[in-house]
Amino acid sequence: MPISFHPDPQTDADTAVDAGGGPETTSPGPSAVDDAPADATDALTSRILARGDASISATTYTSETDGEQLDLADRHALRRVSGLSTELEDITEVEYRQLRLEKVVLAGIYTTGGLEDAENSLRELAALAETAGSEVLDGIMQRRAHPDPATFLGKGKAAELAEIVAETGADTVVADGELAPSQRRALEDIVKVKVIDRTALILDIFAQHAKSREGKAQVELAQLEYLLPRLRGWGESMSRQAGGRVAGGAGIGSRGPGETKIELDRRRIRTRMAKLRREIKEMAPAREAKRADRTRREVPAVAIAGYTNAGKSSLLNRLTGAGVLVENALFATLDPTVRRAETPDGREFTFADTVGFVRHLPTELVEAFRSTLEEVADADLLLHVVDASHPDPEGQIRAVRTVLGEIDGFEVPEIVVLNKADLAEPETIARLRSQVELSAVVSARTGEGIEELRELIAEHLPRPAVEIDLVVPYTRGDLVSRAHTTGEILAEEHLEHGTHLRARVDRALAAELESAAEPAAV
């Protein structure tokens, strides 16, 4: 079924005031819709459907550097299937049921900016919904000065949304924003189906894609923090539990108020959250030990960060052959990956791939994944990957820098990597390069610009601090090897009694070389 989005009028002149006194846009009546040109709605539909690289398509482009992608095959084997139903026609089908795609309708408002910004946000929401395992049927947008405190949308738009849900047979409404518990409950009462918001949708995707023990713990903690203020009782779940000895039939004088079921649930959630925080804290020493080992050896670190689906994993595979999972989906990879690499002149350093960012990233996730963001804060160089083919690349850059700005003491040199150059318009690339200080244009899929990026990384990595000029005996070839691996060789000559080495190395290696070698003859 084609998606037919229902926008509000674009101009403020078309708005009216609702009964509650708040600004609410009016929708055209049936006759106005019937008389409107057919291509007006079709144009909007086509723009929403053309979600660029944020969309979920049947094709995920890979290159020879992406490896066998066995994890991707496992993930696709568990995907939900469109058109299948969980309803049993025959009891013998119980062993062969498959879960169908959830059918959703999107609802968004835009308080600032224009219709184009609102469409970009709704495109992203559609891609998020498809990543979570759903089929987007329809959508609705409204321009308001602020969300309605009762129902998020205005009363008229909420009623229109209920009609769309009934017509399409949808079972879920996804709101493009964070709903207060009261807004969610009130909107559910109107549309008569489940309502979730953008935050819950992102948390659901994270729960599906987290693989490591630490990643799963971080996601569960974020989900519980989101759930705690949104618990609600249904029937008996609000009833008081028997207090004192009344449960044993003790009768008069033994009754107490006890605990409601919802109070008990809240207490259990808080207990579980405390346990998860302890577990995440206990996982920190192992990660810090690895980082301390790299720091002790003075191995430079390069962090790869950027908007979700900008191509960070593809770029890591192209640069190192890591073979991490690559998929045309939002938040396809969550767990950080660290790989060793070398500059063209032979210096050793590491790449660290991090979790992707998104507009309005939930606060719960920022807090839960703060340990992952430490990889970025402790890096010597940041590769900020941007999807140059996206309809709003500047918005992606702002969203990433907003999250990075929340890290205390974040001052890492940045190279903006404009990825997907094979799909982007030359005018867009030129515009983006004029807005940043240091940039590189690449295509992780085709390999375009990768060598130039390697040279740029080597140029801006911190160089060893101590310059040496000495002769290393042939019996200490291990020190010469370390100088090649971790240092910068300026000149090398093989003499009768040893290797004449002129290089820049770290302080620890310089001390070992000086103790084992004789100064070179001038």
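For the reader, a short list of remarks on this structure follows.
- The set of residues from the stretch 471-481 being under 13 Å from Ala517 (Cβ atoms) and open to solvent by 50 Å² or more (accessible area, probe 1.4 Å) comprises Tyr474, Thr475, Arg476, Asp478.
- From the list Glu492, Glu455, Glu467, Glu496, the one residue that fits, being out of contact with any strand residue (DSSP E or B) (no Cβ under 7 Å at 6 or more places or on another chain) and either assigned to a strand (DSSP E or B) or under 30 Å from Ser389 (Cα atoms) (or both), is Glu455.
- Flag for Ala503 being crowded, with 18+ Cβ neighbours inside 10 Å, out of contact with any Phe, Trp or Tyr (no Cβ under 9 Å at 6 or more places or on another chain) and not β-branched (Val, Ile, Thr): yes
- Any hit, the stretch 414-433, residues being more than 18 Å from Gln218 (Cβ to Cβ), of a type outside the set (Lys, Arg), at pLDDT below 85 and surrounded by fewer than 16 Cβ atoms within 10 Å (Cβ to Cβ): no
- As a summary of the residue check, Thr402 satisfies the conditions (1) out of contact with any His (no Cβ under 9 Å at 6 or more places or on another chain); (2) assigned to a loop (DSSP other than H, G, I, E, B) except for the one numbered (2).
- Taken over the stretch 450-470, the criterion of being within 15 Å of Ala510 (Cβ to Cβ) and surrounded by fewer than 18 Cβ atoms within 10 Å (Cβ to Cβ) is satisfied by Arg463, Ala465, Val466, Glu467, Asp469.
- Residue within the stretch 111-130 that is small (Gly, Ala, Ser), open to solvent by 20 Å² or more (accessible area, probe 1.4 Å) and free of Cβ contacts under 8 Å to residues at least 24 places away in the same chain present: yes
- Taking the criterion of being open to solvent by less than 20 Å² (accessible area, probe 1.4 Å), of a type in the set (A, V, I, L, M) and over 14 Å from Phe331 (Cα atoms), the residues of the stretch 184-229 that qualify are Leu187, Val191, Val195, Ala217, Leu221, Ala222.
- Count of the stretch 436-449 residues, restricted to those that are buried (at least 18 other Cβ atoms within 10 Å of the Cβ) and within 24 Å of the chain's Cα centre (by Cα), is 7.
- For the stretch 420-432, the criterion of a residue being closer than 21 Å to Asp345 by Cα and not small (Gly, Ala, Ser) is satisfied by no position.
- Candidates Ala329, Ala310, Ala322 - the one that is assigned to a loop (DSSP other than H, G, I, E, B), at pLDDT 80 or above and surrounded by 18 or more Cβ atoms within 10 Å (Cβ to Cβ): Ala310
- Pairs, first touching a residue at least 24 places away in the same chain (Cβ under 8 Å) and of a type in the set (Ser, Thr, Tyr) in the stretch 300-314, second in a strand (DSSP E or B) and open to solvent by less than 10 Å² (accessible area, probe 1.4 Å), C-beta under 6 Å, six or more apart: Tyr307/Phe357
- Residue that is nearest to Glu119 (Cα to Cα) [pool: residues in the stretch 140-197 that are of a type in the set (S, T, N, Q) and touching a strand residue (DSSP E or B) at 6+ places or on another chain (Cβ under 7 Å)]: Gln142
The values are calculated or read from the model by the stated rules, or taken from the named source; none is laboratory data. Just so you know, these numbers come straight off a predicted model, no measurement behind them. All Cβ positions, glycine included, derive from the backbone under ideal geometry; neighbour counts span all protein chains shown. These area figures cover heavy atoms from the full protein model, side chains too; ligands, DNA and RNA do not enter into them. Shrake-Rupley method; radii C 1.70, N 1.55, O 1.52, S 1.80 Å.
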